[in-house]
Each structure stands twice: as structure tokens, then as C-alpha cells.
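A.B. asks: Below you will find the structure I want to go over with you.
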Amino acid sequence: MRPLSLTISAFCSYSGTTVLDMEKLGTNGLYLITGETGAGKTTIFDAVTYALFDSPSGANRNDKMLRSKYADINTPTEVTMVFEYRGEKYNVSRNTEQVIAKKAGATRSEEHTSE
């Protein structure tokens, strides 16, 4: 399996939408993710694991912890991953159960879907 792109929206420490173009990493198969403490490295692993397995990495986190506390209420929490496996491309999108702004003046709505 080779990751091609990862889109993270209102997920953990990412309050907005971030797109990681992993095709730029090449095809050698070995990648190093580095950065200072709090830079978001574990969030990338959580996003990949959540996209593939509908669960964050590690036993200390659950679905309800994945929504960014910094995100605007109108920004949905979701992860989309595109990857290649045996020459075929796959696109997986998931979002957590979340409270979002409801249209037409209502105060809130809950939503949870997976594709």
C-alpha cells in the first residue's frame, strides 16, 4: 500500500483543512516524519489509522477526542485518504460523530458517516 494523499479537516490539532500530497515522497517505500513536540506527527498517524480502520492509533484515544477544539462549528471533522494498492487507487473518507451548525437558524445537529 502506498499513500498518495491525506486530507485532514478539523481533526485533532488541525483546526482547518490540511492536504498532505504524499505522492511527492516518491516510491522508495521508506518515509521519515519528524518535527518538534506538538508539531502534529501523531495526528498524521491517527488520521491514516482512522481513515483505514475507523479508529485512531493508540489505546489512549477514541472517536470523540478527534474533533479539533480549535475548529469552527461549521467545519466538519473528516479525514480522506487516497492510496494505491496493487496498481489500483482507493479513496476512503470518514468523519466522526460531531456537533455541527444546523442550517435555517437551528442551533446544532449531529452527524456521523463513513464511506
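The values are calculated or read from the model by the stated rules, or taken from the named source; none is laboratory data. Note that this is a predicted model, so its numbers are computed, not measured. Quick reminder, even Gly has a Cβ in these numbers, built from the backbone with ideal geometry, and neighbours come from all protein chains shown. What goes into the accessible areas is simple: the full protein's heavy atoms, side chains included, and nothing from ligands, DNA or RNA. Shrake-Rupley method; radii C 1.70, N 1.55, O 1.52, S 1.80 Å.
A.B. asks: Being buried (at least 19 other Cβ atoms within 10 Å of the Cβ) and under 26 Å from Lys24 (Cα atoms) is the filter here; which residues of the range 55-67 pass it? It would help to see each step written out before you state the result.
C.D. replies: Taking the range 55-67 and keeping what is buried (at least 19 other Cβ atoms within 10 Å of the Cβ), we get 56, 66-67.
Listed by number, the list holds a single entry, Pro56.
A.B. asks: Would you point out which residue out of Tyr31, Tyr14 is modelled with pLDDT under 90, out of contact with any Cys (no Cβ under 8 Å at 6 or more places or on another chain) and open to solvent by 70 Å² or more (accessible area, probe 1.4 Å)?
C.D. replies: Numbers: Tyr14 fails: open to solvent by 70 Å² or more (accessible area, probe 1.4 Å).
Step by step, each of Tyr31, Tyr14 is checked, and only Tyr31 is modelled with pLDDT under 90, out of contact with any Cys (no Cβ under 8 Å at 6 or more places or on another chain) and open to solvent by 70 Å² or more (accessible area, probe 1.4 Å).
A.B. asks: May I pose another question? Checking the conditions here, which among Tyr70, Tyr90 is in a strand (DSSP E or B) and open to solvent by 80 Å² or more (accessible area, probe 1.4 Å)?
C.D. replies: Tyr90
A.B. asks: Which of the residues spanning the range 34-54 are loosely packed, with under 13 Cβ neighbours inside 10 Å and polar (S, T, N, Q)?
C.D. replies: Once the filter is applied, which keeps residues that are loosely packed, with under 13 Cβ neighbours inside 10 Å and polar (S, T, N, Q), the range 34-54 yields Thr34, Thr37.
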